[in-house]
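> Take this structure first; my questions come after.
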Amino acid sequence: MSLKDVEQCEVRELHPEKLRIARASMPDEDEIADLAELFKVFGDSTRMRILFALFDTEICVCDLAETLSMTQSAVSHQLRILKQAHLIGARREGKSIFYSLADDHVRTIIGQGREHIEE
């Protein structure tokens, strides 16, 4: 998409009420940066595959690696990133560690993203 593909106003006219509303709803720069970082985590197809594998069940690294046809090391690396972003949680059961989505917010984000691309 080039600049000529984006429609622009024919005249420069400011609308004070629209400006006020837009500025009032704008989060501070730190919050915007944190949100951008969160969405970067969603921007990796391997991490998305892991999140989908965890969508309906908890699963250990061994099973994730088998499901995704990846090495346990590669899966573990991605799990670390997802855990740092608070998108997944883990619990130990004997010698196994089971991973799951952190909460329903993660399901909602993924579900709404999927709905959006399917429109």
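The values are calculated or read from the model by the stated rules, or taken from the named source; none is laboratory data. As the structure is a computational prediction, the values presented were derived from the model and not from experiment. Because the Cβ atoms are built from the backbone with ideal geometry, glycine has one as well, and the counts that use them run over all protein chains shown. Surface areas here come from the heavy atoms of the whole protein model, side chains and all, with no ligands, DNA or RNA. Shrake-Rupley method; radii C 1.70, N 1.55, O 1.52, S 1.80 Å.
> Just check segment 1-45 against the gyration tensor rule for me: Cα atoms, a ≥ b ≥ c as the square roots of the eigenvalues, rounded for a/c under 1.5, and otherwise prolate or oblate depending on whether a/b exceeds b/c. Could the numbers behind the result be given before it?
Numbers: a/c = 4.60, a/b = 1.36, b/c = 3.37.
Since a/c reaches 1.5 but b/c is at least a/b, the shape of segment 1-45 is classed as oblate.
> Follow-up. What shape does the chain take by its C-alpha gyration tensor, where a ≥ b ≥ c are the square roots of the eigenvalues and a/c under 1.5 counts as rounded, a/b above b/c as prolate, and the rest as oblate?
Judged from the Cα gyration tensor, the chain comes out prolate (a/c at least 1.5, a/b above b/c).
> Lys pairs in the chain, Cα-Cα under 29 Å, at least 8 apart or on separate chains: how many?
4
> Please work out how much length the chain gains when fully extended from Ala24 to Ser73, using 0.36 nm per residue of separation minus the C-alpha to C-alpha distance, in nm with one decimal.
Once the chain is fully extended between Ala24 and Ser73, it gains 13.1 nm.
> Please say if segment 56-109 is rounded, prolate or oblate, where rounded means a/c under 1.5 for a ≥ b ≥ c the square roots of the C-alpha gyration tensor eigenvalues, and otherwise the choice is prolate for a/b larger than b/c and oblate otherwise?
Because a/c hits 1.5 or more and a/b exceeds b/c, segment 56-109 counts as prolate.
> Moving on to the next point. Which sequence of His15, His105 reflects their accessible areas, 1.4 Å probe, from the largest down?
Highest to lowest solvent-accessible surface, that is His105, His15.
> Note down the magnitude of the dipole of the chain about its Cα centre, charges +1 on Lys and Arg C-beta and -1 on Asp and Glu C-beta and zero elsewhere, to the nearest 20 debye.
480 debye
> Which order do Phe52, Phe39, Phe98 take when ranked by solvent-accessible area (1.4 Å probe, heavy atoms of all protein chains), largest first?
Ranked list, largest accessible area first: Phe39, Phe52, Phe98.
> Could you state the angle between the C-alpha long axis of helix 72-84 and the longest principal axis of the C-alpha atoms of the chain, as a value from 0 to 90 degrees rounded to the nearest 10?
The angle comes out at about 50 degrees.
> Just Glu17, Glu66, Glu37 to compare: in a GNM of the chain, with alpha carbon springs under 10 Å, which one fluctuates most?
Per the Cα network of the chain with a 10 Å cutoff, Glu17 tops the list.
> With a 1.4 Å probe and all protein chains left in place, how much of the accessible area of segment 77-119 comes from carbon and sulfur atoms, in whole percent? Numbers along the way, then the final one.
Values: 1520 of 3150 Å².
Reported share for carbon and sulfur atoms: 48 percent.
> How many nm is it between the label spots at Ala36 and Glu17, if each spot is 7 Å from the Cα in line with the beta carbon?
Result: 3.2 nm between the two label points.
> Same structure, new question: Multiplying the sequence separation of Arg91 and Met48 by 0.36 nm and subtracting their Cα-Cα distance, what value in nm do you get? Could the numbers behind the result be given before it?
Details: separation 43, 0.36 × 43 = 15.48 nm, distance 2.06 nm.
Once the chain is fully extended between Arg91 and Met48, it gains 13.4 nm.
> I need the trypsin sites (Lys or Arg not before Pro) found in segment 53-119, filtered to DSSP loop residues with at most 10 other beta carbons within 10 Å of theirs.
Of the trypsin sites (Lys or Arg not before Pro), the ones in loops of segment 53-119 whose Cβ has at most 10 other Cβ atoms within 10 Å are Lys95.
> What accessible area per residue comes out for the chain, rounded to a whole number of Å², with a 1.4 Å probe? If you can, show how the numbers build up before the last one.
On the way: 9340 Å² over 119 residues.
Value for the chain: 78 Å² per residue.
> Continuing with this model, one more query. Taking 8 Å as the Cα distance limit and 6 or more residues as the minimum spacing, I'd like the relative contact order of the chain as a percentage.
Numbers: 73 pairs, mean separation 23.1, N = 119.
It rounds to 19 percent for the chain.
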